[in-house]
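Have a look at the structure below, then the notes.
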Amino acid sequence: MTRTPTTDTTVRLLPDGFADLEPYVAEWARPTRQERYATRLSRTLPELTEFYDAVASRAEEAITHLNGQDVNELSEPAKRLLQLLYSMILVSYAVNVFEQPRIPDSGAAFFDTTAEPAV
């Protein structure tokens, strides 16, 4: 019997141990605050709550995993994990304070971010 060599083509979206959060990567691992905010505005409160609950329950582990790493040398999976944390923080206001995606009584007001975190 001849065995054909196989190649592992699995792309890790997040660091080992965080596979349960991978369903959120496509929508929430956004590189800029503006993209994260736009995603928040495009979701319903139940969707935001689901995302928030999933990431918040793993936030301490994620922070522990990222602590001590050089933010300028993070692997792509680690960057995405950090971006999920950034999104969780942004969504926390909608879920825990406003109880809606938008800031209440803000009308058409908006603001632009002039600086972004390092990653």
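The values are calculated or read from the model by the stated rules, or taken from the named source; none is laboratory data. Note that the coordinates shown come from a computational prediction; the quantities given were computed from them, not determined experimentally. Here the Cβ is made from the backbone with ideal geometry for all residues, glycine too, and neighbour counts use every protein chain on show. Only protein heavy atoms, including side chains, enter the accessible area calculation; ligands, DNA and RNA are left aside. Shrake-Rupley method; radii C 1.70, N 1.55, O 1.52, S 1.80 Å.
Annotations
- Scanning the stretch 87-97 for residues that are touching a Leu at 6+ places or on another chain (Cβ under 9 Å) and open to solvent by 20 Å² or more (accessible area, probe 1.4 Å) returns a single hit, 95.
- When the stretch 20-38 is filtered for residues that are of a type in the set (A, V, I, L, M) and open to solvent by 70 Å² or more (accessible area, probe 1.4 Å), only 26 remains.
- Any hit, the stretch 73-81, residues being of a type in the set (Lys, Arg) and assigned to a helix (DSSP H, G or I): yes
- Scanning the stretch 26-54 for residues that are in contact with a helix residue (DSSP H, G or I) (Cβ under 7 Å, 6 or more places away or on another chain) and either free of Cβ contacts under 8 Å to residues at least 40 places away in the same chain or not in a helix (DSSP H, G or I) (or both) yields a count of 5.
- Criterion violated by residue 72 - all others in (1) closer than 24 Å to residue 101 by Cα; (2) surrounded by fewer than 16 Cβ atoms within 10 Å (Cβ to Cβ); (3) modelled with pLDDT under 95; (4) of a type outside the set (Ser, Thr, Tyr) satisfied: (1)
- Residue among 41, 84 that is closer than 27 Å to residue 100 by Cα and surrounded by fewer than 17 Cβ atoms within 10 Å (Cβ to Cβ): 41
- For the stretch 45-52, the condition holds for no residue, the condition being that it is open to solvent by 50 Å² or more (accessible area, probe 1.4 Å) and either within 22 Å of residue 11 (Cβ to Cβ) or among the β-branched types (Val, Ile, Thr) (or both).
- Every condition in (1) modelled with pLDDT of 95 or more; (2) among the polar types (S, T, N, Q); (3) open to solvent by less than 60 Å² (accessible area, probe 1.4 Å) holds for residue 57 except the one numbered (3).
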